[in-house]
Structures are given as C-alpha cells and as structure tokens.
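The next block holds one structure in the form of structure tokens; read it before the comments.
The values are calculated or read from the model by the stated rules, or taken from the named source; none is laboratory data. Note that this is a predicted model, so its numbers are computed, not measured. Here the Cβ positions follow ideal geometry from the backbone for every residue, glycine too, while neighbour counts run over all protein chains shown. Ligands, DNA and RNA are excluded from the accessible area calculation, which covers all protein heavy atoms including side chains. Shrake-Rupley method; radii C 1.70, N 1.55, O 1.52, S 1.80 Å.
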Amino acid sequence: MKVEERLKELRIELPEATTPMGSYVNAVRTGNLLYMAGKGPGLPGKPLPVGKVGRDFSLEQANRLARDTGLSILGALKAELGDLDRVKRIVKVLGMVNATSEYGSHPEVINGCSDLFVEVFGEKGRHARSAVGMGSLPRGIPVEIEVIVELEDDAPPPAPVVAAKPAVARRKAAPAPKAKAAPKAKAAKKKKN
C-alpha cells in the first residue's frame, strides 16, 4: 500500500512543513541518508505548547505532543521528498523530553512518535531510538525529535527549498523568562556600603 493511501486510511492529514527558526535547513542528505532537523509539537498558525513534562503535561498529553511532533516531521519529510514512498526505512529517532528532574517516563512519551511511524510505514517505520530527558528545550517546548531516514537507492536528491516567511511570523513562541540578579552581586553590593 502506498504511504499516501495509508495516511488516508488512518485519517491523518499532514501539516505543512514549518520554516526553520534559525540558520539551518529542515533536512540534509548524504548518500541515501536524510538527516531531519529537530522538530517540536508546534503547528503553523498556533502557539507553541510550553512547559515541562511531569509538571505541566501528563504522560498522556506528552505522548500526544510527541505524536504531533512526528506529524510535523512527516510533513517536513514530504516537503523534502515530494513522495513519502521514497522512504526505505526510518533508521534512528532521537527524542528529547523537557521534563522535571525526577521524571523517568521519557521512552513512553516518545512512543507517541515511534508508534506513528510504525502505523504509517509498517515495518519500515521500526527504528533504533534514544529517548532522553532535558533540563530545557528551545522556547520551552516539551518535546523535540530528530530523525534519520534511509531513502530508496533510486531516489534523486531533494529539490532546493524556496525560503518562506520566518516561522516566528507564523508561530508565537513562549515568552523569555525574567532575569534574576545573581546572589553574589547582591552580597558584593552590601560589602561596599
């Protein structure tokens, strides 16, 4: 079954690829491997979810955000390749979870993305994986995932991507935290007086 048919069967509509938020690209190909840049659960036109898993998000919510991140990755992959049937297999997934220090269910969170890849690609979607906890992630997002994909031998290199409007114009990022004065600076000020 073609991947597009499988997506319709699963009633999955892929989001449009988001524009990178810095000086990088969504994907880089070397040989038959395509390295996908890390993606988060934000969708174009919607605010980014912000917070820590284990405090602001439950396991179930975080698992769903990992699945949404997988959908964003598939949208970017389709934009790069034009046809998801050019995927020979998902090779490696690195899932990063912005979690509290005592949180330990990182693998269960990232299963949201891994399960999606198996649903869409079948055995070609099974992959090696790392699921790790992080003290923070860009803009405060709860999950970030990057993927390495093997392409079919006869797959030509992806067409160059035309630059789009910056993602910041389409997505609202989390506010920056307020800076606090360092305790040493306060102590030094008292000694001078």
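A compact table of results
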read-out	value
Extension gain from ASN32 to MET134, taking 0.36 nm per residue of separation minus the Cα-Cα distance	33.7 nm
Heavy-atom accessible area ranking, 1.4 Å probe, most first, across ARG139, ARG64, ARG6, ARG11	ARG11, ARG64, ARG139, ARG6
Full-extension gain in nm, ASP115 to GLU16, via 0.36 nm per residue minus C-alpha separation	33.6 nm
Residue-normalised accessible area of the range 64-132, given per residue in Å² at a 1.4 Å probe	36
Mean Cβ count within 10 Å, highest first, over the residues of peptides 67-74, 50-57, 111-118	67-74, 111-118, 50-57
Three-way shape label, the range 1-113, alpha-carbon gyration tensor, a/c 1.5	prolate
Table column - 3J(HN,Hα) (Hz), the range 3-18, Karplus curve with 6.51, -1.76, 1.60, x for Gly and Pro	4, 4, 5, 5, 4, 5, 4, 7, 6, 9, 10, 6, x, 5, 5, 7
Most to least packed among 38-45, 17-24 [average Cβ atoms within 10 Å]	38-45, 17-24
Total charge dipole magnitude, the range 1-128, about the Cα centre, Cβ charges on Lys, Arg, Asp, Glu only, Debye to nearest 20	280
